[in-house]
Amino acid sequence: MSLAERVLNGERLALARLLTLIENETPEGLEALAAIYSHTGRAHRVGVTGAPGTGKSTLVNQLALHLRRAGDEAPTVAIVAVDPSSPFSGGAILGDRIRMRDLAGDRGVFIRSMASRGALGGVARATAAIVEALDAAGFDIIIIETVGAGQAEVDIARTAHTTVVVDAPGLGDDVQAIKAGILEIADVLVVNKSDLPGAENTLRALRSALRLAHPQAREEEGEAVWVPPVLATVATRGEGIGELAAAIGKHRSHLLGSGQMAAREEARVRSELEALLREHLMRRFLSAQPDGRFDAVVQKVLARELAPTEAIRRLLEEQDEG
Amino acid sequence: MPEKPLRVLIAKPGLDGHDRGAKVIARALRDAGMEVIYTGLRQTPEMIAEAALQEDVDAIGLSILSGAHMALVPRVLELLRAQGQGHVPVLVGGIIPDEDVPALKAAGVAGVFGPGTSTEAIIKAFREASRAAAEGA
Ligand SMILES: Nc1nc2c(ncn2[C@@H]2O[C@H](COP(=O)(O)OP(=O)(O)OP(=O)(O)O)[C@@H](O)[C@H]2O)c(=O)[nH]1
Ligand SMILES: [Mg+2]
């Protein structure tokens, strides 16, 4: 049996192997992913992001436990936890599983840690591919944990259907999330660690920032406009988790009912194809260049003999002639 | 293209209470360019095997101070074999009496490291064991 068939057959070791091959962008991994692609599209994808230490992993653990308690109807859950690679060594410590030990032994749960591996835009693409594989493998809900809040997180959020932004009191700056522009991508906002002093202030700050980020929400309430709820949780005690799960479910219904799910999916596929196309065209272009020509142009721009736009124009013209 | 980073699991089985040593090793391996999946304290052999499977790791390091290594380590090896990961090297660090080392190695442990071992030696052992396993696979 091929790797792809074994994955579709529910073999967990084969799935784990496939995820590695995909992450390493090996031809074998890409081929297997292509072979199972027609099985994707069933899972609900939930992004969980926020500043370091806000309790994302603890929350994801509780959320998955809650979802898995729904008896025979319980959805299966896959978790992808992304942590940053060290810019110095390229290594990483992936420690999110520490908070997810309650999920051990449940075969309806699959947890995978991954490092961001530095490459710009690369994390989002590798994560998206890994999520596709988990989707094809049959997981009903896929939770993606990332440490906010940079462009990479925003890109990853774009591959999720529902994005949960986690904040906590006492970060010294109640509007940290807002400044980073991550509020705009939130479908659900959570103030975790609500047992700590200052939680009320954080809730209030988020609610008022939200009114700024979603000015239309007030006027069009009652229409098919989603107003992100702001929830208070205490992940360490499992408080507020039912409400969080309900909000995610409600958002999903909203996406489906309003036609936004289809629109989001189309936008996602479009931008994914554009990114791939860009990369392939670039690779093809560069490999068609005579050795050293691109470097020579880089040097000319560096020496300010040539403006970047002019450099590109020349490169493309020479290519067309040749 | 640079070689892909090794993925290793560092786990702390058993009931003893602190994981300073394990954390030091995890950081040293990270600084050597590896991706270290760190699972924290009080891991059962079942939890370790499950994490090794889901994470598809190249090698596993077990840190054991409790003296329970003769029970824990063979169990981890047995679970790995049963799930088709018998080739994944397992290295053991901590307080392991000399007389237990041959038995652990006979059971399939790829390396045993006492408290005095340098981090360089440990990094080297992880690299070599992972490479040997990849070539043998
Ligand atoms: N008081 C309190 N502490 C919490 C709560 N939730 C999580 N914590 C603690 O916060 C710390 C960080 O929790 P994690 O779940 O690892 O946070 P995280 O956001 O996943 O962290 P990174 O992945 O490192 O960014 C741990 O010590 C948790 O026990 C909470 O609701 N209340
Ligand atoms: Mg975390």
Dmax and Rg, reported as Rg then Dmax, of the range B:7-136 (C-alpha, Å): 13.0, 37
Cross-link reach list, aspartates and glutamates versus residue A:250, counting only Cα pairs under 13 Å and skipping chain neighbours closer than eight places: A:187
Extended-chain gain in nm, criterion 0.36 nm per residue less alpha-carbon gap, residue A:34 and residue A:261: 79.4 nm
Bins of 5 Å, starting at 0 and running to the largest distance - Cα pair percent for the range B:2-68: 3, 19, 29, 23, 16, 6, 2, 1, 0
For the range A:274-321: rounded, prolate or oblate by the Cα gyration tensor [a/c cutoff 1.5]: prolate
Trypsin sites (Lys or Arg not before Pro) within the range A:15-84: DSSP coil, no more than 16 neighbouring Cβ in 10 Å: A:42, A:69
Value at 222 nm in deg cm²/dmol, rounded to 500, when DSSP H runs of n ≥ 4 in chain A each add -39,500 (n - 2.57): -15500 deg cm²/dmol
Cross-link pairs A:56/A:193; B:23/B:124; A:56/B:23 - those with Cα-Cα distance over 19 Å: A:56/B:23
Helix A:308-321 vs. chain A, principal-axis angle (Cα, 0 to 90°, nearest 10): 60
Among A:201, A:61, A:192: highest mean-square fluctuation, GNM of chain A, C-alpha pairs under 10 Å: A:201
Within-13-Å neighbourhood charge of residue B:10 [Cβ basis; K, R +1; D, E -1]: +3
Summed side-chain charge close to residue A:78 - residues other than residue A:78 whose Cβ falls under 15 Å, Lys, Arg +1, Asp, Glu -1: -4
Space enclosed by the convex hull of the alpha-carbon atoms of the protein assembly as shown, per residue, Å³: 195
Order of A:261, A:114, A:1 under a 10 Å beta carbon neighbour criterion, fewest first: A:1, A:261, A:114
Average projected area [Cα convex hull, the range A:40-260], square nanometres: 12.3
Per DSSP, loop GluC sites (Glu not before Pro) in the range A:222-322 with at most 16 further Cβ within 10 Å: A:223, A:305
Residues of type aspartates and glutamates that residue A:300 reaches as a straight line, Cα spacing below 15 Å, ignoring anything fewer than 8 places off in the same chain: A:310
Whole-angstrom gap from the range B:108-127 to the range A:255-299, using each part's C-alpha centre: 44
Other-chain or far-sequence residues with amide H under 5 Å of residue A:231's (modelled H): A:189, A:190, A:191
Value of relative contact order over chain A, rounded to a whole percent, pairs C-alpha under 8 Å and six or more apart: 18
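Computed from the coordinates by the stated procedures, all read-outs in this text should not be read as laboratory data. Source: prediction; values computed, not measured. Virtual Cβ from ideal backbone geometry, glycine too; neighbours counted across all protein chains shown.
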